[in-house]
Structure formats: C-alpha cells, structure tokens
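Step one of this worksheet: look at the structure below.
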Amino acid sequence: MSIEADMTARMKDAMRARDKRLLGVIRMVKSRVQEARTAAGFDGNDGDELWQSVIEAYAKSQKKARAQYADVGEAGASHVEQIDYELSVLEEWLPKKADEATVQGWVDAAIAGLGGKERAKFGAVMGAVMKAHKADVEPAMVRDLVKKSLG
C-alpha cells in the first residue's frame, strides 16, 4: 500500500474514532504534500518519494521545534508532548537510520582510509561518511562520533 493510501485510510479511521490528535497530524502532512505538489519546480513525481521527503522534512522541523520548546521548560511542556506524539505517529513512514555501532564502524573505516586520527581530517571524515551513507545516518550522530573518534 502506498503512503498516500495508508494515510488516507488512517485519516478515515481517525475521523470515525474522533481522534483529533491523529487527524491533525495526518492533515498537516497531507497539507504539506499538497504544497509541494503546487510549488514551483515540482517535477511531477507524485509517488511515495514525494510523501517520504515531505514527512522527513516535517519530522526534522518538529525535532528542531521540540528542542526549542524543551529549552523553555514547563511553559513548553505541552508542546513537547504534542511533538513527541506527532513524531511517534510519523515514525512508521520515516526511513530507518543506522544504529550507533554501525555508524561508528563507518567512521572508523573513513578515518583509516584517510590516513589516521589527525584533527585536521575532521571535515574529510565527516564528508566521506556522509557521502557514502547520507540516507542511512543522522548527521548529528556522525558529527558526534567523528569528534569522539578524533578527539
């Protein structure tokens, strides 16, 4: 089943169950997909790739917003809870990222391939790992592991 069909089915179920939280998340994603379809430069690719990219972008923006609300403290707690809920709903459509041990292996291999643990090679190591595994990793995790490995 395509992501669009799955989202539509989940939206109908949420409407029947009067689940406003789930309905809000799904409507937001559908709205963002529609914006992408009508944006200048849209290439006509209307499949799961479009839905996947929209969901990834929305999740990324929500993660940033979550960090900002968490910094506010008690005043942002309800927003943090809502964002956590949204991210948990979207998790099934997000691509699975590599775990820390796998990424550490890639970082170690890149360091070895670039000639050792000199501090000046941070950018080269980061670039090598991201070039080879961009879709499989979180950049922040790669950055932290490269710093740890080189430092």
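Screening the candidates V89, V129, V107 for the property of being in contact with a Ser or Thr (Cβ under 6 Å, 6 or more places away or on another chain) and not basic (K, R) yields one hit, V107.
Does V137 satisfy the condition of being assigned by TED's automatic domain parsing to the domain that holds E56 and within 30 Å of V25 (Cα to Cα)?
Details: assigned by TED's automatic domain parsing to the domain that holds E56: no; within 30 Å of V25 (Cα to Cα): yes.
Considered against the rule, which asks whether it is assigned by TED's automatic domain parsing to the domain that holds E56 and within 30 Å of V25 (Cα to Cα), V137 comes out as no.
May I ask you to verify whether L23 is surrounded by 17 or more Cβ atoms within 10 Å (Cβ to Cβ) and over 15 Å from the mean Cα position of the chain (by Cα)? Criteria met by L23.
To keep it simple, each residue is scored yes or no on (1) aromatic (F, W, Y); (2) part of a helix (DSSP H, G or I).
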site	(1), (2)
K96	no, no
A101	no, yes
G105	no, yes
A110	no, yes
G115	no, no
F122	yes, yes
G127	no, yes
H133	no, yes
A140	no, yes
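Residues of the range 72-99 that are surrounded by 12 or more Cβ atoms within 10 Å (Cβ to Cβ) and touching a residue at least 24 places away in the same chain (Cβ under 8 Å): Q82, Y85, E86, L87, V89, L90, W93, L94, K97, A98. Are there any pairs, at least 6 apart or on different chains, whose C-beta atoms fall under 8 Å, with the first in the range 38-63 and under 19 Å from V25 (Cα atoms) and the second part of a loop (DSSP other than H, G, I, E, B) and of a type in the set (S, T, Y), and if so, which? Filtered contacts from the range 38-63: D48/S2; W51/S2.
Could you please find all residues in the range 103-116 being in contact (Cβ under 8 Å) with a residue 12 or more places away in the chain and surrounded by fewer than 17 Cβ atoms within 10 Å (Cβ to Cβ)? I'd like the intermediate steps shown before the answer.
Filtering the range 103-116 down to residues in contact (Cβ under 8 Å) with a residue 12 or more places away in the chain leaves 103-104, 106-108, 110-111, 113-114.
Those that are in contact (Cβ under 8 Å) with a residue 12 or more places away in the chain and surrounded by fewer than 17 Cβ atoms within 10 Å (Cβ to Cβ): D108, G113, L114.
The values are calculated or read from the model by the stated rules, or taken from the named source; none is laboratory data. These numbers come from a predicted model, not from an experiment. All Cβ positions, even for glycine, are placed from backbone atoms using ideal geometry, and neighbour counts span all protein chains on display.
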